[in-house]
Amino acid sequence: CDPAKNKSGWTAASGKCLIDGKCISSGASQAGSGGCFVCDTKTPSQWTQKAAGTACNLGGCFNLPKCDAAGVCSGTQKPGCCVANADCDNDPAVPGVCEEKACNIVTGKCELKPVAGCCTAGICCDIPTNTMKEKGAACGGVKSGAEYKCEGSLVMKRDIFSGGCTGTEPSKCAGSITSYGEWTQYKDCKDQTCTPGSSVTVAPICK
């Protein structure tokens, strides 16, 4: 706050710009501009465009990149050097089941990286789809009870287990998670009415 310069608003500190509500150091580049827009304290409230032909930074995959008249950093891409995953589509490496081709923008080289949420083994991995089972899916935990419900004249039951999948770890059955088995027919009331118990853990009666 400098009342001598501005009594109704903030004044940028010496050697700083105030752009979009952020304090920017003098000479710092706008994110994504490659250095074609920078903080110049002569115009501290907005980004300052560098002159066309000024050297800029596009990483190691471009030869002599320069700012153009519109403030875009551009240059000629070096053969075999990637800057985006699409550049790796024709890379000869063959991805595994849970891998995909990707560009390492730091090195400019294509590599294989793990696919998030993909798995090939584990008690909580659905092998046919190579995906994690959802959180709470049964995974061989200790049986701790059962739940019941009526479906027409049928009494249905499913077991409750202390132990379930986390949804993020293919080989971990977490004891802190409650999981449930599949609903199966417990009995048929036939010509009687299936009447729910006092709670879901109490078996319905036929009457």
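Every residue, every condition in (1) of a type in the set (D, E, K, R); (2) touching a Cys at 6+ places or on another chain (Cβ under 7 Å); (3) closer than 30 Å to E99 by Cβ, yes or no:
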position: C110; (1), (2), (3): no, yes, yes
position: M156; (1), (2), (3): no, no, no
position: K190; (1), (2), (3): yes, no, no
position: S198; (1), (2), (3): no, no, no
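Considered as a group, the residues in segment 102-149 that are surrounded by 13 or more Cβ atoms within 10 Å (Cβ to Cβ) and hydroxyl-bearing (S, T, Y) include one that is modelled with the lowest pLDDT, and that residue is T107. Where strands (runs of 3 or more DSSP E) fall entirely within segment 1-74, those with at least 1 residues that are within 25 Å of K109 (Cα to Cα) and among the aliphatic types (A, V, I, L, M) are at 62-67. Please verify whether S29 is out of contact with any Pro (no Cβ under 7 Å at 6 or more places or on another chain) and not hydrophobic (A, V, I, L, M, F, W, C), treating the condition exactly as stated. Yes: the conditions hold for S29. Quick check: is even one residue across segment 147-164 closer than 29 Å to T120 by Cβ and in contact (Cβ under 8 Å) with a residue 40 or more places away in the chain? For segment 147-164, residues closer than 29 Å to T120 by Cβ and in contact (Cβ under 8 Å) with a residue 40 or more places away in the chain: absent.
Annotation: of all residues in segment 165-187 being hydrophobic (A, V, I, L, M, F, W, C) and touching a residue at least 12 places away in the same chain (Cβ under 8 Å), the one that is nearest to C118 (Cα to Cα) is C165. Scanning segment 61-88 for residues that are surrounded by fewer than 13 Cβ atoms within 10 Å (Cβ to Cβ) and out of contact with any Phe, Trp or Tyr (no Cβ under 8 Å at 6 or more places or on another chain) yields N63, L64, A69, A70, P79, G80, A84, A86.
The values are calculated or read from the model by the stated rules, or taken from the named source; none is laboratory data. Keep in mind that this is a model prediction, so the values were computed, not measured. Reconstructed Cβ throughout: ideal geometry from the backbone, glycine too, with neighbour counts over all protein chains shown.
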